[in-house]
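Inspection log for the structure reproduced underneath, given as structure tokens.
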Amino acid sequence: VSSAEHVRGSIFGRAVLGVAVGLVATIVPMYVSELSPRERRGATVMLYDLSIVLGQLLAGLVNCVTFYSAHGWRLSMGLAVVPAFGMLLSLLPLPESPRWLVRKGRVVEAEVGLILMAGDSAAARETAMAELKEVRDTIAAEDAALRANANYASGSKAASGAVDSEGKALPPSDD
């Protein structure tokens with residue numbers, strides 16, 4: 001954006017940045033809450049929100065400092081690369097989401113990740129295993145509901161939209 005020669009390039013760059021920021025604002029809180037221990041989820045998501053507000057404050061201060069410079073807007077937009085690059089580097093060591101791993105059938109990796117995040121004690125291990133069971137149960141229920149909805153939408157007479165504990169569609173009731 002800061003190196004754009006024409007207004008079109010600047011507008012295109014701002015649009016791309018807007019989409020990227022929107023995606024990050026949606027995905028990061030979910031990822032942070034999935035990786036955080038249950039008792040600290042609210043605090044970790046709140047810290048993410050706080051970091052966004054502090055970043056906006058810092059950007060405003062940079063804008064104030066560069067306002068009277070000949071190419072202040074270019075400098076202001078160019079300096080945004082610094083935290084973006086830092087964020088990109090910080091993503092490299094992060095593990096995949098346990099929920100994503102379970103969805104992909106990589107349950108052992110999800111278990112290892114949950115145990116690493118929970119801690120080394122026996123109680124933490126038990127908490128991680130309970131979390132893994134909850135993730136697996138939630139995914140199974142979501143899949144069963146999707147299958148039931150797909151059957152219902154396709155006009156299947158056997159699908160009432162209700163499913164049993166194994167995710168199989170229940171026959172329609174007579175009431």
So which residues in segment 74-94 are surrounded by fewer than 15 Cβ atoms within 10 Å (Cβ to Cβ) and in a helix (DSSP H, G or I)?
-> 78, 81, 82, 83, 84, 85, 86, 87, 88, 89, 90, 91
Please indicate, with yes or no, whether at least one residue in segment 95-109 is on the phi > 0 side of the Ramachandran plot, at pLDDT below 85 and open to solvent by less than 70 Å² (accessible area, probe 1.4 Å).
-> no
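For every residue, the table says whether it meets (1) touching a residue at least 24 places away in the same chain (Cβ under 8 Å); (2) farther than 19 Å from residue 31 by Cα; (3) part of a helix (DSSP H, G or I); (4) aromatic (Phe, Trp, Tyr).
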| position | (1), (2), (3), (4) |
| --- | --- |
| 102 | yes, no, yes, no |
| 110 | yes, no, yes, no |
| 114 | no, no, yes, no |
| 136 | yes, no, yes, no |
| 141 | yes, yes, yes, no |
Selected residue [over 25 Å from residue 113 (Cβ atoms), modelled with pLDDT of 85 or more, open to solvent by 70 Å² or more (accessible area, probe 1.4 Å) and of a type in the set (A, V, I, L, M)] from 62, 19 = 19
Confirm whether residue 41 is among the charged types (D, E, K, R) and modelled with pLDDT under 85.
-> no
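The values are calculated or read from the model by the stated rules, or taken from the named source; none is laboratory data. The structure displayed is predicted, hence computed values, not measured ones. We place every Cβ from the backbone using ideal geometry, glycine too, and count neighbours over all the protein chains shown. Protein only, heavy atoms only, side chains kept; ligands, DNA and RNA dropped before computing areas. Shrake-Rupley method; radii C 1.70, N 1.55, O 1.52, S 1.80 Å.
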